[in-house]
């Protein structure tokens, strides 16, 4: 049994939901791993990000969102509206903000507004933080139209995100 670990660094827009189509990068890691039979897990360590498997939609809007992404954003925005002010959702409460400002002082952001991302947490929870793919004969088994996307739901600020790739097999 062989275990291979890889990472991608992806930069989010910061002013809107960010989709990264990462299929080719994942394929490159599968090739690098030299694993012929096994599984590939693509995962986010961030609580406001998701990894999904979806068809590539060739049409895009002016922001560059594929139409399936526009549809997903519209659906989720109806279900979970963007967090724009305190007390719109229970989270973040005053204790969470206090702890966050103490724990992250000088490290990430000393501003309480950066915690107004409850919608991103809920969307990530709903869609999930990882996907697992089968590897046969050294190839991801994702068909001709399946693509892997890393999504940063947090629209508060631009930042780098990490995507983990773990491949296990022989």
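The values are calculated or read from the model by the stated rules, or taken from the named source; none is laboratory data. From a predicted model like this one, the values you see are computed outputs, not experimental measurements. Note: ideal-geometry Cβ built from the backbone for every residue, glycine included; neighbour counts use all protein chains shown.
Looking at segment 1-47 only, could you name the residues that are in a strand (DSSP E or B) and under 11 Å from residue 169 (Cα atoms)?
Those that are in a strand (DSSP E or B) and under 11 Å from residue 169 (Cα atoms): 2, 3, 4, 38, 39, 40.
What pairs come up if the first residue lies in segment 69-86 and is farther than 13 Å from residue 154 by Cα, the second is at pLDDT 95 or above and assigned to a loop (DSSP other than H, G, I, E, B), and their beta carbons are under 7 Å apart, counting only those six or more places apart or on different chains?
From segment 69-86, the pairs are 70/61.
When you scan segment 129-170 for strands (runs of 3 or more DSSP E) that lie fully inside it, which ones turn up with 3 or more residues that are touching a helix residue (DSSP H, G or I) at 6+ places or on another chain (Cβ under 9 Å)?
Qualifying strands (runs of 3 or more DSSP E): 146-152, 160-169.
Return yes or no: is residue 81 modelled with pLDDT of 95 or more, in contact with a helix residue (DSSP H, G or I) (Cβ under 8 Å, 6 or more places away or on another chain), over 26 Å from residue 7 (Cβ atoms) and assigned to a loop (DSSP other than H, G, I, E, B)?
The answer is yes for residue 81.
Return the residues of segment 146-167 that are closer than 22 Å to residue 36 by Cα and surrounded by fewer than 17 Cβ atoms within 10 Å (Cβ to Cβ); say none if nothing qualifies.
146, 164
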